[in-house]
Amino acid sequence: MGRFWRLLAALALALGALGASAQEEDDPVKEAEKQKKQLLEQSGGILPSDLYVQQGEELFKAKRGPKQASLEACDFGRGPGRLEGVVGRLPRYFFDTRRVEDLDSRIRTCMIRLQGFRPEEIRRSEVVAIAFYIASLSNEQTMYVRPLMPQEKKLYELGEKLFYLRAGPRDMGCASCHVTYVGRRAGVLPYSDLLGDKRVASHWPAFRYSNDQAWTMADRIRACYANLGMPAPDFYSEPIIALTLFMNAQARGARMDLPGFIR
């Protein structure tokens, strides 16, 4: 059995024990810190996010697709091959696509343009793994999303409208939970303050230990829509990017904890 699979087996056992011992905490950050410490002790210092980072790095550097190219020439905003701190400045406008792109959609763009993949050939799991790798290179740096370009300002305004929009069978939206009902309990944990607590948007992509899943902000947004009984926006779509831009801009100045480890 290879090292990767040994680590995976150890983590599976540790996560099982973690789920059984999880307790309620009023502060989601403190609860996550406690569970993270416990998991590190039980798994020999390895987190599930470490495996996603490793997988993402391999995918990022491998020569793949019809063009047999890596993603190392992809520009995430600081120039080809420069990845440090880029997550803290996304979403942003890219001149080569003439669109505002977030981390997920930019990865997809480069897989299509540099590697020659067709959109339908791109696996969501690979985009997430690559996002984890890139995010790991922005850890402990500062969020600095600031809409300046006209395209960015327009999308920011759309994201703000979507954030406060009430719709669907429950007549609710993002702000219903994360502004109006902040502090009220949703199952185990209270609703987080997306506008007042800069930490909330500064730890995506993240590993969710409650359901053993690796998510980016896009997955989180889609899950919220589903919880409210509304159709979820498509991955890489304008509503996803607009909401991400709005929320990331609120987190400007926060120190990033990447990849995140949350409930």
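For the reader, a short list of remarks on this structure follows.
- Any pair with Cβ under 6 angstrom, 6 or more apart, that starts in the stretch 126-143 at a residue that is under 13 Å from Ser49 (Cβ atoms) and aliphatic (A, V, I, L, M) and ends at one that is part of a loop (DSSP other than H, G, I, E, B) and at pLDDT below 95: Ala135/Leu258; Ala135/Pro259
- Only residues that are touching a strand residue (DSSP E or B) at 6+ places or on another chain (Cβ under 9 Å) and over 19 Å from Gly77 (Cβ atoms) were counted in the stretch 98-149, giving 6.
- Residues located in the stretch 225-244, provided they are buried (at least 22 other Cβ atoms within 10 Å of the Cβ) and over 12 Å from the mean Cα position of the chain (by Cα): Ala242, Leu243
- Total residues in the stretch 245-263, condition among the aliphatic types (A, V, I, L, M) and more than 15 Å from the chain's Cα centre (by Cα): 1
- Of all the residues in the stretch 95-125, those that are open to solvent by 70 Å² or more (accessible area, probe 1.4 Å), assigned to a helix (DSSP H, G or I) and over 25 Å from Phe207 (Cα atoms) number 2.
- Of all residues assigned to the stretch 129-142, at least one qualifies as being at pLDDT below 95, out of contact with any helix residue (DSSP H, G or I) (no Cβ under 7 Å at 6 or more places or on another chain) and not polar (S, T, N, Q).
- Any chance Val86 is within 20 Å of the chain's Cα centre (by Cα) and touching a residue at least 60 places away in the same chain (Cβ under 8 Å): no
- Considering the stretch 206-224, and only residues there that are more than 12 Å from the chain's Cα centre (by Cα) and touching a residue at least 40 places away in the same chain (Cβ under 8 Å), the residue that is surrounded by the most Cβ atoms within 10 Å (Cβ to Cβ) turns out to be Tyr209.
- Of all residues making up the stretch 32-71, the number that are closer than 24 Å to Glu120 by Cβ, of a type outside the set (A, V, I, L, M) and not in a helix (DSSP H, G or I): 7
- Just one of the numbered conditions (1) over 30 Å from Asp50 (Cβ atoms); (2) open to solvent by 30 Å² or more (accessible area, probe 1.4 Å) is not true of Ala175: (2).
Here is a yes/no grid of residues against (1) open to solvent by 60 Å² or more (accessible area, probe 1.4 Å); (2) touching a Phe, Trp or Tyr at 6+ places or on another chain (Cβ under 7 Å):
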| site | (1), (2) |
| --- | --- |
| Glu58 | yes, no |
| Lys63 | yes, no |
| Lys67 | yes, no |
| Cys74 | no, no |
| Arg78 | yes, no |
| Gly85 | no, no |
| Arg89 | yes, yes |
| Tyr93 | no, no |
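- The set of residues in the stretch 135-178 being under 22 Å from the mean Cα position of the chain (by Cα), small (Gly, Ala, Ser) and outside any loop (DSSP other than H, G, I, E, B) consists of Ala135, Ser136, Gly159, Ala175, Ser176.
The values are calculated or read from the model by the stated rules, or taken from the named source; none is laboratory data. Everything numeric here is computed off the predicted structure, so don't read it as measured data. Cβ coordinates were reconstructed from backbone atoms using ideal geometry, including for glycine residues, and neighbour counts include every protein chain displayed. All accessible areas refer to the heavy atoms of the entire protein, side chains included, with ligands and DNA or RNA removed. Shrake-Rupley method; radii C 1.70, N 1.55, O 1.52, S 1.80 Å.
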